[in-house]
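Reviewing the structure listed below.
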Amino acid sequence: MHLIDVNAVLSIEEGTEELDPNLEILKCFHGEELQRLEYAILSHCWSTRASDEVTFEQLLSLTRMTRERIRDLPGYRKIVASCRRARDHDQLNWLWVDTCCIEQREREEAINSMYRWYGHSKKCYAYLHDVIENTLPAKAEGKKPRWFLRGWTLQELIAPRAVLFFNGGWELIGDKKSLAPTLKHITRIPEYVLAYGLPSPQQTDRPSVAQIFSWAADRETKRNEDWAYSLMGLFEVEIFKSYGTRNAFQRLQEAIIKKYNDHSIFAWFEMKRPGSVLADNPSYFWGSSDIVNCSITGPLPRVQQGIIRTRLSVSRCRSSSFYYEAQLACRRSGDLQRPVTILIASLDDRYYRVFGDFTPTSKAEDRELDLSCRSIDGRSFTFQIPRTVELGDQQLCCNHPDDSLELPRGYKVIHYAGQSQTCGFKVILGHCLGLDSVHILTGRPSSEDIPDPDTLLHHTNRINELRIQIAEGGERTGFALANHVHIPGTAQAVELLYTKRSYFVSLQLHLVVCPGCCTPVWHRQLKEDGDEGDLRVGKCFKKIIRSYDPHPQSDCIRTCMGCCTGQVFEPKSFHYLSAS
């Protein structure tokens with residue numbers, strides 16, 4: 001660890017004689033010598049221009065610079081002010097500053113040791129360059145002081161025992177312990193942590209993983225990887241430092257899971273994107289500052305090849321065979337009776353994080369689950385949609401301007417309506433967990449393009465339950481009846497034919513005679529040893545003929561003459577499933 005000789009710097013700044021070229025500005029300390037040494041440490045925001053800060057090489061050649069050139073460096077003025085504070089008020093002879101005390105070849109060691117270096121310091125000087133008053137405001141000029149928005153300063157606030165705050169004129173504002181109530185308001189960090197330090201992992205009053213991450217939720221770093229590297233010390237873990245490789249914040253979470261049996265690491269709620277049970281960055285934990293842990297018995301989770309194997313208590317959700325509510329061993333501090341829950345979906349023997357409002361119906365049971373900590377394939381689905389549909393003597397026109405729609409993720413609702421706006425229907429196109437989905441809703445068209453997310457997720461659950469998945473590729477592409485729904489106020493029903501090739505989905509819409517009304521849910525498997533299958537539904541007889549014609553023009557799916565069943569035909573599995 002390189003430290004600045006406070007007296008050497010001040011002799012250069014205050015001296016009247018020529019500089020001594022042999023004066024040693026930086027000295028390296030190791031081991032026990034460093035443990036016994038008392039030093040001050042500077043916590044500050046780097047200038048927006050890197051050239052304004054003093055580098056390691058510049059500090060080494062400080063004695064060979066002219067005094068005017070030294071004083072022209074804004075970063076140098078921070079060093080001089082810190083040295084004066086250390087010598088005149090705190091009787092300290094050594095100072096550490098991150099801009100100029102790290103040699104390039106020592107960078108990884110410095111990142112690993114940073115939290116410990118701040119923790120061992122005698123005094124930490126927090127310099128708030130954009131604060132004018134000699135008080136600590138919760139906001140300054142419409143926003144927090146920049147020091148409270150920087151990722152690295154979080155550990156620089158928590159690790160040292162004594163933190164002194166200075167404004168832009170280097171006037172003392174106060175120390176961390178006396179300012180704890182105000183700091184709590186600014187940072188959401190509990191007062192006891194600010195006043196007495198972060199409890200060790202063995203202590204029962206240690207904040208949960210989710211709570212610690214929430215302190216960094218509104219902080220920024222210049223490089224995404226520093227979100228993870230700046231938080232390692234708070235959790236006493238280390239990860240391989242590399243920029244531009246696999247998500248460092250995910251690797252940090254995996255390292256934490258291997259060390260702590262703490263379910264709160266899954267208790268994030270801000271970003272409604274399905275996929276990994278791990279968050280992409282600390283901002284996902286914005287609403288998790290009140291998450292507290294419950295006692296957990298059993299072994300630590302296992303992390304291997306993108307899977308987290310752990311035991312959770314799960315309940316099946318209503319009308320679903322693959323959506324589950326999972327109970328975590330943590331609670332909100334204001335609601336200690338109910339555990340925090342998340343929604344997961346089973347797909348290919350793995351469980352993925354999903355979002356929505358689904359009611360659990362089964363009794364909770366403990367299961368060993370393979371939770372995915374990898375994202376689903378991010379490729380977009382392209383939906384080909386018809387521009388118009390004939391309804392008697394009028395056309396129902398689509399409100400989407402093109403005949404195709406590319407959907408990276410999520411949901412889109414398109415409307416079909418005539419000029420009179422008296423009847424019409426909507427088609428929901430979805431992409432969730434790497435699966436596409438389509439569904440028809442009938443009724444008067446709405447002026448809203450997208451209904452609320454919970455409504456969409458409800459319909460997506462129903463759609464995915466239908467297992468509308470057609471074999472990808474090949475010379476012949478299968479097709480399926482995705483929906484067959486009655487249009488209220490007419491004698492018509494909408495048939496939606498669905499075909500798929502890789503990430504391209506083609507939809508065909510037909511209006512057919514529907515003299516009856518829709519029936520309840522059915523589920524009946526057809527015989528696989530023939531080209532035809534018959535199903536009697538109540539008093540209605542319906543015949544289905546399977547076909548692999550990629551461009552179905554004939555009535556290969558014959559409509560019901562007594563009622564509209566809203567059923568789905570899957571060429572491979574030969575299942576009848578209701579869309580009602």
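The values are calculated or read from the model by the stated rules, or taken from the named source; none is laboratory data. In this text, all values refer to a predicted model and were calculated from it rather than measured experimentally. For neighbour counting, all protein chains shown are included, and Cβ atoms are generated from backbone atoms with ideal geometry for every residue, glycine included. Surface areas here come from the heavy atoms of the whole protein model, side chains and all, with no ligands, DNA or RNA. Shrake-Rupley method; radii C 1.70, N 1.55, O 1.52, S 1.80 Å.
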Original post:
Which whole-Hz couplings ³J(HN,Hα) result when phi for each residue of the range 25-37 is put into the Karplus expression 6.51 cos²θ - 1.76 cosθ + 1.60, θ = phi - 60°, listed in order with x for Gly and Pro?
Top reply: 8, 10, 9, 9, 10, 9, x, 5, 4, 5, 5, 7, 6
Original post:
Quick one: net charge of Ser315's neighbours, Cβ under 14 Å, K/R +1, D/E -1?
Top reply: +2
**OP:** Report the net charge of residues surrounding Asp402, where surrounding means a beta-carbon distance below 13 angstrom and charges are Lys +1, Arg +1, Asp -1, Glu -1.
**Re:** 0
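Counting only heavy atoms of the protein chains, get the accessible area per residue of the range 99-169 (1.4 Å probe) and round it to a whole Å² value. Please list the in-between numbers first.
Values: 3110 Å² over 71 residues.
Here the per-residue accessible area is 44 Å².
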Original post:
Taking Cα centroids, how far is the range 211-234 from the range 1-62 in Å?
Top reply: 28
**OP:** In whole angstrom, note down how far apart the Cα centers of the range 279-312 and the range 355-419 are.
**Re:** 30
**OP:** With a 1.4 Å probe and every protein chain kept in, tell me what percent of the accessible surface of the range 123-220 is carbon plus sulfur.
**Re:** 49
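What number comes out for the charge environment of Cys124, summing +1 per Lys or Arg and -1 per Asp or Glu over other residues with Cβ under 9 Å away?
Net charge in that neighbourhood comes out at +3.
Rank-order 190-200, 308-318 by packing density, defined as the average count of other C-beta atoms within 10 Å over each peptide's residues, highest first.
Going by the mean number of other Cβ atoms within 10 Å, highest first, we get 308-318, 190-200.
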Original post:
Rg to Rh ratio, the range 1-150, alpha-carbon atoms and Kirkwood radius?
Top reply: 0.96
Original post:
Taking θ as phi - 60°, what are the ³J(HN,Hα) couplings along the range 77-87 by the Karplus curve (6.51, -1.76, 1.60), each to the nearest whole Hz, with x for Gly and Pro?
Top reply: 5, 5, 5, 5, 4, 5, 5, 5, 4, 5, 6
Original post:
Hull surface divided by four, with the convex hull built on the Cα atoms of the range 72-228: how many nm²?
Top reply: 10.4
Original post:
Quick one: with all protein chains in place, what share of the accessible area of the range 347-420 is carbon or sulfur, to the nearest percent (1.4 Å probe)?
Top reply: 39
**OP:** For Glu38, enumerate residues with amide H under 5 Å from its amide H, sequence gap 5+ or separate chain, H modeled in the peptide plane.
**Re:** none
**OP:** Using amide H atoms built 1.01 Å from N in the peptide plane, name the residues 5+ places from Cys330, or on other chains, whose amide H lies under 5 Å from its own.
**Re:** Cys294, Val340
Subject >> the range 56-212 - share of DSSP beta bridges that are antiparallel (%, nearest 5) >> reply: 50
Subject >> Peptides 214-222, 328-336 ordered by average Cβ neighbours within 10 Å, highest first >> reply: 214-222, 328-336
